[in-house]
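Visitor: Let me begin by handing over the structure; questions about it come next.
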Amino acid sequence: MRYLFPKWVKVMINKLKYLVKISLRKKIKTKWFVVVNALLIILVIGLINIDSIISAFGGDFNKPTNIIIMDNTKEVFNNFKQTFNLSQDYLVDYKNISIEQSNKTREQLIKEIEDNKNIVIIVDFDEQNFVKAEVISNSFIDNTLNQIIISSLNTSKVAYALETSDIDPTALAIINKPIDINRNILDESKSEQEETYSFFMGIIFPSFILPFFMLIIFLVQMIGGEINEEKTTRSMEIIISNVSPKTHFISKIIANNIFIFLQASILFVAGLTGLFIRKVMGAGSFNLGPEFDLNSMWQSLVSTGIVSRLVYVIPITILLMLLSFLAYSLMAGILASMTTSIEDFQQVQTPIILISVLGYYLSMLAPTFEGSIFIKLVSYVPLLSALLSPPLLLIGQITIIDVMISFVLLIGVIYLMMTYGMKIYKVGILNYSTSKIWKKIFKAVRD
Amino acid sequence: MLKVNNITKMYGDLKAVDNLSFEVGEGEIFGLLGVNGAGKTTTFRVIMGLLEADKGDVTLNGKKIDYTVTDKIGFLTEERSLLLKMNVLDQMLYYGVLKGMEESVVESELDKWLERFNIKEYKYRKIKELSKGNQQKIQFITAIINHPKLLILDEPFAGLDPINVKMFMDVIKEFKERGSIIIFSSHHMEHVELFCEKLVVLVKGRSVLEGKITDIKREYRQKNIVINGNVDINNLVKQNGVLEVQENQEDITVKLEDEKYVSGIFKYLSKGQNITKFVVEEPSLNEIFVSKVGESYDK
């Protein structure tokens, strides 16, 4: 080091390190950092264990629901129960639901449901000897539960009708047997199982990108706020008289990105802690219906081979995210240098935030608009590619070559911002007037 | 030696500094004067390298001012340039380390200066909690903490009471005695007059008056006569060479167009009028400043 660089370079590197240290210390050594992060940790852990928290406080949802069937036909109960049990996984609290048959009278049963969540189903024959039913409850029935009851009753009605018809038992068995489907996908790179899960991955993957999206907004706001604070207090003149604008700019990018990673790490650790607490407390998986049971879904994904794609999608995502953080930082710094107050910057940052919102929404819409050329083209756009390319790659809508194009474009934009943005920054940070700002910027870029 | 060689700085079509040149040697205090918007701050920014001159250059001991020498420079800006949310120590460490100092050295220097300026109890106070005067003291300390070879002070006495002005002046004189090159601007001519050897007066970026203060005063032809006694002011005003007669609380000041009229006034007052005081004085720097700036605007 001593012989590689002249002394002043070493001095400038020391100053850069100090600027980074001060910038970080200003953010971390505050009571608000401690308070906000303590709250965030509590909230993240709480959100992960929200079902346990809700259950701990108790309420009507904890009361068991008994479906009491008064089967006057003596034929429907078994079929109903069997059909219902096949569908009950769709219900969040299916463990609290029981089905039983009763020989009590209608009046007795109605009297019994007055103070609880019981549902009474009275099954009978109509005039044409088809099954009919009356469903009685004290209040509204959960929509999903209601749908399952109706569906199970319909299935039972059809089953009884078929059984009592003159159809040959062998034919009846064939009718009741599930349809034999041979799914054939011509694209050899795509498997049948993958098809089922690609849609869900398209929904789930963007939700993993959500924290990244939030951190981008946070990063942009922090860099803008810090540069504007130094500008509006005129301390920028003293700082820039001792360190070059380039050093100052780089220090802001390094410090704020370190802070963002620290913040992300805190959230990540909080998330892991929440999951650990969940496991210790013996809570089940996030059961939001059979498709969203993450545990079983993960097992299925492993068997389909879609997980093998994650091996390269995850590193690509991380690399794109890192480059995107750099690009957003550069853009925020350049824009902040051009503005003369934090209010001005808040207005300027709105388009940046909207750009990232667009990327986030398109990543969620991608599975719906499969093969969309617009979405594919947008995935090349620097600043959006980190949000859009990984989910598209995962669900097979773009290829590695498309991702490479995104990388090249993103690196190109970063290079341009570092070359010309630095010139704008140099002029902008010591500019306190909004008049002829564009003229000054164009002059700076030309020079 | 600081040399400012024919610098010109344009803001669009506006010439903020127009072909300005001056030299300041070690141990000299140089005054850069002018009304608001005359180009003083722009000149300071060009010297500091914050702005690039469109023409001309600035050298310190024969070397262009760049980041290899800025550690040897102290700069006090006209407006407060402190991070208000920081405490005094952190602020000083921030600027001190950026000037290439060790943190421990910055702190010990800070203790010394806080004691000197009678504000040592504010070491851990946030800047925003301090009065304007005390903020100015902190800002002044940030400029001198590195014992600069070149000290640039843009309106250093703004917001200070006379006691603190004296305190600042004493410190500035100490730096002069140590051989620092000092440039400062002020709207208060009495401050400039008190300790500047040389000055330049700017009007619309151009120098309209420059040189040593003693030479400027000597070369300035107008004189003042301070008299005490029973004088018929109406007649006195009509005498040759009298520009203005000013009645003060205890005496009368007669402003003359040229010193050649002094004897005529003396003869006039000697004729039977009861005069107890007759003193010929050089005009104040303030009068010269107002006159020169006024002339330039008339042109």
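Visitor: Using modelled backbone amide H atoms (1.01 Å from N, in-plane), which distant-in-sequence or interchain residues come within less than 5 Å of B:Asp54's amide H?
Guide: B:Thr8, B:Lys9, B:Met10
Visitor: Set the Förster radius R0 to 30 Å, insert the Cβ-Cβ distance between B:Val69 and B:Tyr11 as r into 1/(1 + (r/R0)^6), and round the FRET efficiency to 0.05.
Guide: Details: r = 26 Å, r/R0 = 0.87.
Efficiency, rounded to the nearest 0.05: 0.70.
Visitor: Convex hull over the Cα atoms of the protein assembly as shown, averaged projected area in nm²?
Guide: Details: hull surface 211.1 nm².
That works out to 52.8 nm².
Visitor: List the residues, sorted by chain then number, that are 5 or more residues from B:Gly211 or on another chain and whose placed amide H is less than 5 Å from its amide H.
Guide: Correct list: B:Leu199.
Visitor: Along region A:127-139, what does the Karplus equation 6.51 cos²θ - 1.76 cosθ + 1.60 (θ = phi - 60°) give for ³J(HN,Hα), rounded to whole Hz, x for Gly and Pro?
Guide: Once rounded to whole Hz, the list reads 4, 8, 6, 9, 6, 10, 9, 10, 10, 10, 9, 6, 9.
Visitor: If you filter region B:237-290 for trypsin sites (Lys or Arg not before Pro), then keep DSSP loop positions with at most 13 other Cβ within 10 Å, what is left? Please list the in-between numbers first.
Guide: Numbers: sites: B:Lys238, B:Lys255, B:Lys260, B:Lys267, B:Lys271, B:Lys277; in loops: B:Lys238, B:Lys271.
Answer by residue number: B:Lys238, B:Lys271.
Visitor: Which pairs, out of A:Lys29/A:Lys252; A:Lys26/A:Lys440; B:Lys40/B:Lys217; A:Lys21/B:Lys176; A:Lys439/B:Lys15; B:Lys40/B:Lys112, put more than 24 Å between their alpha-carbon atoms? Intermediate values should be presented prior to the final figure.
Guide: Numbers: A:Lys29/A:Lys252 17 Å; A:Lys26/A:Lys440 32 Å; B:Lys40/B:Lys217 22 Å; A:Lys21/B:Lys176 35 Å; A:Lys439/B:Lys15 17 Å; B:Lys40/B:Lys112 31 Å.
The answer is A:Lys26/A:Lys440; A:Lys21/B:Lys176; B:Lys40/B:Lys112.
Visitor: Something else about it: By how many degrees, 0 to 90 and rounded to 10, does the Cα axis of helix A:294-304 deviate from the longest principal axis of chain A?
Guide: Rounded to the nearest ten degrees, it is 80.
Visitor: What whole number of Å gives the distance from the Cα centroid of region A:405-447 to the Cα centroid of region B:35-108?
Guide: Using only Cα atoms, the two centres lie 25 Å from each other.
Visitor: Would you please name the GluC sites (Glu not before Pro) within region B:96-192 that are DSSP coil residues with at most 13 other C-beta atoms within 10 Å of their C-beta?
Guide: Details: sites: B:Glu102, B:Glu103, B:Glu107, B:Glu109, B:Glu115, B:Glu121, B:Glu129, B:Glu174, B:Glu177, B:Glu190; in loops: B:Glu102.
Here the sparse-neighbourhood loop sites are B:Glu102.
Visitor: Helix B:132-144 against the longest principal axis of chain B: what's the angle in degrees, Cα atoms only, rounded to the nearest 10?
Guide: Helix B:132-144 sits at roughly 70 degrees to that axis.
Visitor: With θ set to phi - 60°, apply the Karplus curve 6.51 cos²θ - 1.76 cosθ + 1.60 along region A:375-384 and write out the HN-Hα couplings as whole Hz, x wherever there is a Gly or Pro.
Guide: Calculated HN-Hα couplings, in order: 5, 5, 5, 5, 5, 7, 5, x, 6, 9 Hz.
Visitor: Per residue of chain A, what 222 nm ellipticity follows from adding -39500 (n - 2.57) for every DSSP H run with n ≥ 4, rounded to the nearest 500?
Guide: Details: 18 runs with 296 residues, N = 447.
Rounded to the nearest 500, it is -22000 deg cm²/dmol.
Visitor: Taking a spot 7 Å from the Cα of A:Lys7 along the direction of its beta carbon, which residues of region B:64-83 have an amide N less than 20 Å from it?
Guide: Residues B:64-74 fall inside that zone.
Visitor: Would you mind checking B:Lys123/B:Lys173; B:Lys64/B:Lys292; B:Lys149/B:Lys292 for any pair whose Cα atoms are more than 30 angstrom apart? Don't skip to the answer; put the middle values down first.
Guide: On the way: B:Lys123/B:Lys173 25 Å; B:Lys64/B:Lys292 32 Å; B:Lys149/B:Lys292 32 Å.
Pairs exceeding the cut-off: B:Lys64/B:Lys292; B:Lys149/B:Lys292.
Visitor: Could you compute the FRET efficiency for B:Ser21 and B:Lys132, with r as their C-beta to C-beta distance and R0 at 30 Å, rounded to 0.05?
Guide: 0.30
Visitor: Can you give me the distance in nm between label points at A:Lys443 and B:Tyr124, each placed 7 Å from the Cα along the Cα-to-Cβ direction?
Guide: It is 4.8 nm.
Visitor: With label points built 7 Å along Cα→Cβ from the Cα atoms of A:Val408 and A:Glu100, find their separation and express it in nm.
Guide: Result: 7.1 nm between the two label points.
Visitor: If you don't mind, there's one more thing I want to ask. Counting pairs on different chains as well as pairs 8 or more places apart, how many Lys pairs in region A:60-176 have Cα atoms under 17 Å apart?
Guide: 10
Visitor: Moving on. Given 0.36 nm per residue, what is the gain on full extension from B:Asp57 to B:Gln239 after removing their alpha carbon distance, in nm? Present the calculation step by step, with values, prior to reporting the outcome.
Guide: Working: separation 182, 0.36 × 182 = 65.52 nm, distance 5.05 nm.
Computed gain between B:Asp57 and B:Gln239 is 60.5 nm.
Visitor: Could you compute the longest span of chain A free of GluC sites (Glu not before Pro) located in DSSP loops and having at most 15 other Cβ atoms within 10 Å, not counting the site residues?
Guide: Working: sites that count: A:Glu114, A:Glu127, A:Glu188, A:Glu370.
With a cap of 15 other Cβ atoms within 10 Å, the longest stretch comes to A:189-369.
Visitor: Could you pull out every residue, at least 5 positions away or on a different chain, whose amide H is within less than 5 Å of the one on A:Ile67? Hs are placed 1.01 Å off N in the peptide plane, and Pro or chain starts have none.
Guide: The list, which skips near neighbours in sequence, is A:Ser98, A:Ile99, A:Glu100, A:Ile119.
Visitor: Along Cα→Cβ, 7 Å out, is where each label goes; now give me the distance between the ones at A:Lys74 and A:Leu172 in nm to one decimal.
Guide: My value for the distance between the label points is 1.7 nm.
Visitor: Relative to the longest principal Cα axis of chain A, at what angle does helix A:400-416 sit, 0 to 90 degrees, rounded to 10?
Guide: Roughly 30 degrees between the two axes.
Visitor: Using unit Cβ charges (K, R positive; D, E negative) and no other charged atoms, how large, in debye to the nearest 20, is the dipole of region B:34-153 about its Cα centre? Write down the numbers at each step before the final one.
Guide: Numbers: 19 positive and 16 negative charges, 66 e Å.
For this selection, approximately 320 debye.
Bear in mind that the values in this text are calculations on the coordinates, not laboratory data. The structure displayed is predicted, hence computed values, not measured ones. Neighbour counts are summed over all protein chains in view; Cβ atoms, including those assigned to glycine, are modelled from backbone coordinates with ideal geometry.
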